[in-house]
Amino acid sequence: MTSTDSTSKASTALRTGFGAVLFAAWGIATILWVYSAIHALGGGDPGPVIRALCALLLMILLMGMEGLEVAVIDRWRTVYPERTPHDLARWLASRQLFVALICTTTTILIEPEFIIIPFSSTEITGGFALKAFTIIWNGLTLLWFMQIFPKHMAATNPDRYLKVTRKALFPIVEFVRKIGVALPAEWVAKTVQNRLDWHAEPTLETARPRHPASLADAWAALIPERATATRQHDDRAARS
C-alpha cells in the first residue's frame, strides 16, 4: 500500500466519521425539538407545534422548488420549446424568491422558547444556546433534505420529477415571474454589468469544452454508480 492510498483511505474514513457524528447529533437535536414542542402542547400551549407544522410545510415547498431548478434547466427546451434562454433565466430568478423567504421564515418559526431534556428536569432557556440550536438544526435540515437531496433526485430523473411537481409548482413560480418580483435584481445586474464592462473573457470562451456537463449531470453524479445509467435512460426517453 502506498502512502497516497493510505492518506486517501484515512481522509475518507475521517470524512465518513465526521458525517456520521454530525448526522447523529442532528437526530438527537430533532428528538429534543419535537419533544419540547409536544411537551408545550401538553402544557396547554399549542404555539410551538403550530409553528413547527408551518415550518415543515414550508420546507416541503422548498424541497420541491430546489429540485425544480435542476429539472427545469435540464428539460427547458422540452417543456417550453418556444421560449428562449432569457425566459429561462427570468423563471429561475423568480424561483429564487422561495429560497430566500423560506430559509428566513423557517429559522424564525422553529426557534424554540426552551429545550427540555427528556427524563430529566433540565431545560435549556438561554438566548444564545437556543439561537445556536436553531441556526445549526435549521441549516443542516435545509441543506441535506431540502436542497442536496431533491437536487440529486431531480437530476437523476428530471422527467419523473417534473411529472410529480409541475402541476403544483409551475403556476406559483409563473405568478411570481409575471408580477416582476425579481426585476430589481435584473436592473441592478444590468447596471453593474454595464458600468464594469463585465463580460466573459475571450480566453474562457475558447477554452470551454464542446460538450460541457450540465447542471443535472453534475448533481446526478452525487451517486456515481447509478448516475450514468439513469441519465442515459432518461435521455433516450426524452428523445423518443
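The values are calculated or read from the model by the stated rules, or taken from the named source; none is laboratory data. This structure is a prediction, so every number in the text was calculated from the model and none was measured. Heads up, the Cβs are rebuilt from the backbone with ideal geometry, glycines too, and the neighbour counts pull from every protein chain shown. Heavy atoms of the whole protein, side chains included, go into the accessibility calculation; ligands, DNA and RNA do not. Shrake-Rupley method; radii C 1.70, N 1.55, O 1.52, S 1.80 Å.
Computed values, structure above
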| quantity | calculated |
| --- | --- |
| Pairwise label distance in nanometres, Val49 with Val34, each label 7 Å out on the Cα-Cβ vector | 1.4 nm |
| Accessible area of the chain belonging to carbon and sulfur atoms, whole % at 1.4 Å probe | 67 percent |
| Accessible surface, 1.4 Å probe, highest first, among residues Val34, Val164, Val188, Val79 | Val164, Val188, Val34, Val79 |
| Surface accessible to a 1.4 Å probe, per residue, for the residues of the chain, Å² | 65 Å² |
| Computed [θ] at 222 nm, helices only, for the chain once each DSSP H run of length n ≥ 4 contributes -39500 (n - 2.57) | -26500 deg cm²/dmol |
| Ranking by accessible area, most exposed first, for Phe133, Phe119, Phe145 with a 1.4 Å probe | Phe119, Phe145, Phe133 |
| Karplus (6.51, -1.76, 1.60) ³J(HN,Hα), θ = phi - 60°, over the range 68-76, in Hz, Gly and Pro reported as x | 4, 4, 5, 5, 5, 4, 6, 10, 4 |
| Per-peptide average of other Cβ atoms within 10 Å, ordering 176-187, 84-95 highest first | 84-95, 176-187 |
| Of (i) 19.1; (ii) 21.3; (iii) 18.2, the label for Kirkwood radius over Cα pairs in Å derived from the coordinates | (ii) |
| FRET E, pair Ile108, Lys178, Förster distance 30 Å, beta-carbon r, rounded to 0.05 | 0.60 |
